[in-house]
1. Mind listing whichever residues of region 1-21 are modelled with pLDDT of 90 or more and of a type in the set (Val, Ile, Thr)?
2. Considering only helices (runs of 4 or more DSSP H) fully contained in region 1-64, which possess at least 2 residues that are in contact (Cβ under 8 Å) with a residue 24 or more places away in the chain and either farther than 23 Å from Leu85 by Cβ or basic (Lys, Arg) (or both)?
3. Can you pull out every residue in region 21-43 that is among the hydrophobic types (A, V, I, L, M, F, W, C) and either surrounded by 14 or more Cβ atoms within 10 Å (Cβ to Cβ) or in contact with a strand residue (DSSP E or B) (Cβ under 7 Å, 6 or more places away or on another chain) (or both)?
Amino acid sequence: MRKRLIALSYLFFSISVMAKMVESLFSSSHYFYYHYLNLTLIIVMIFPLIGFILACLGDGGKAKRRAIAIILNGICIFLFLPLALLNFWIINFGK
């Protein structure tokens, strides 16, 4: 059961990175901006946190996999979370 947590951690990390790529590719589209930007920002904010927690709780066969999952999710949190929070704040509460 605990080995699956590491796999889920990687899954949440990859979904978060893909959402960030989609956001950066389609952010100039008005349709995307008005319909999907809030959803992708929430994914970019929440999924690395969930992946980080799952990686901390997981007990993989190798400690290296667990450490890599923690590091990748941590980097994603520190790089993307502040920008996503700022963008989400501006969209919802004005400038």
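The values are calculated or read from the model by the stated rules, or taken from the named source; none is laboratory data. Keep in mind that what you see is a predicted model, and the values were worked out from it rather than measured. Every residue, glycine among them, receives a Cβ derived from its backbone with ideal geometry; neighbour counts consider all protein chains shown.
1. Of everything in region 1-21, those that are modelled with pLDDT of 90 or more and of a type in the set (Val, Ile, Thr) turn out to be Ile15, Val17.
2. Numbers: elements: 2-26, 30-35, 37-57.
So the answer is 2-26.
3. To start, the set of residues in region 21-43 that are among the hydrophobic types (A, V, I, L, M, F, W, C) comprises 21-22, 25-26, 32, 37, 39, 41-43.
Residues satisfying the conditions are Val22, Phe26, Phe32, Leu37, Leu41, Ile43.
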